[in-house]
Amino acid sequence: MDILVLGAGQLARMMSLAGAPLDLNVTAYDVGSGHIIHPLTQQKYSLALAEAIAGCDAITAEFEHIPDDVLTLCDASGKFYPGRQAIKAGGDRSIEKALLQKNGVPCAPWQLITERAHLDTAIESLGKPLVIKTCQAGYDGKGQWRIKDGSDIEQIWSEMQAFLHKGSTDHPHSIIAEQMIPFQREVSVIGARGKDGKVAIYPVTENEHSKGVLTLSIAVPVVESIQQQAVDAFTRLSTELEYVGVLAIEFFEVDGQLMVNEIAPRVHNSGHWTQQGTLCSQFENHMRAVAGLPLGSTEMLGVSAMINVLGQSSIPVDVLSVSGVTSHWYGKTQRPGRKMGHINVVADDRHSLGRKLIELSGYLSDEHYPGVLAMGNVLVNSK
């Protein structure tokens, strides 16, 4: 079976690696260049997008920010999973918020902003501090502002206005203001839904960020009420979207209650630990789903961690001396802050996972791998 992935980055690469043992052959559409390429070798094929669509059995996506004409063309084929509606919801926060509201899934109080009066209303109704986010083209902490005491409103509004003016009549830009939530931690849940409506959901994962970018994910058992809230949100949203494939949902945890931060209609960075930490990874389950195959088990093989490699020229080879550690390199051009690879760690229990993170911190400086040592100490000292 031939599967076309919209996007040609590391997620398409890992989908290809997961699909090969299932006899699923992956090609990728590089949205930036318009070329059809092999996601591993980067070999270019002499195919137009329409030809690639006609020749494949299923289409999926590795990211949300895809031109609408491409989404429409793929959706019209009847082969596109999870479909145009889901990708649009993940790529536009105003659509996403409406989806959450319609399905009764908790999120932070918010206000849509398309003009200055809306910002003033948001400040009055939601109070300060506020988190301001662009509805389109925002990722990894980009396209965001914070209004704290109000002294910086004029400067922030001028930057917001510049973003709004970049929109067009056909593709208008918008912004949302959210009440800042005093959360205890950020967590996510990743699940897969098949064409038959059956689901396979992974354990909730705790996530650490630095400057808006994910640096570390920890998969250890959580209390049942947290897992059940996450499963309920996944079930409601995936059912509403008639979803096929892997869907990730990021949450803020506030006093034992989950509030959605954002959704991602695709395989997700916080689920990379599933490659070694579960019987069937998120990548394999996504490929199974879009190919119409039965979903695989999400049972954990232990407790796990995933460490992002950001902006580095390589992964220190000494990390492989630590038992239960694997490294994953993406082969991308080095750039400050860019996701270049990741490190997975699997252990028998949280204490041994903590000890392994502490050992890894000897090879991974806190400057470039923030939180590894601190999380190791937390896990070692946990009850």
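The values are calculated or read from the model by the stated rules, or taken from the named source; none is laboratory data. In this text, all values refer to a predicted model and were calculated from it rather than measured experimentally. Here the Cβ positions follow ideal geometry from the backbone for every residue, glycine too, while neighbour counts run over all protein chains shown.
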Subject >> Count of the stretch 109-132 residues which are outside any loop (DSSP other than H, G, I, E, B) and either among the polar types (S, T, N, Q) or surrounded by fewer than 20 Cβ atoms within 10 Å (Cβ to Cβ) (or both) >> reply: 12
Original post:
Within the stretch 80-128, how many residues are under 24 Å from residue 249 (Cα atoms) and either among the acidic types (Asp, Glu) or touching a residue at least 60 places away in the same chain (Cβ under 8 Å) (or both)?
Top reply: 27
**OP:** Please go through the stretch 336-383 and pick out each residue that is among the small types (Gly, Ala, Ser) and out of contact with any strand residue (DSSP E or B) (no Cβ under 6 Å at 6 or more places or on another chain).
**Re:** 352, 354, 361, 362, 365, 374, 376, 382
Original post:
Do you know which of the residues in the stretch 146-201 that are over 30 Å from residue 282 (Cβ atoms) and acidic (Asp, Glu) is surrounded by the fewest Cβ atoms within 10 Å (Cβ to Cβ)?
Top reply: 170
Subject >> Subset of the stretch 168-207 that is assigned to a strand (DSSP E or B) and among the acidic types (Asp, Glu) - its residue that is modelled with the lowest pLDDT >> reply: 178
Subject >> Yes/no for residue 54 being among the hydrophobic types (A, V, I, L, M, F, W, C), touching a Ser or Thr at 6+ places or on another chain (Cβ under 9 Å) and either within 17 Å of residue 289 (Cβ to Cβ) or in a helix (DSSP H, G or I) (or both) >> reply: yes
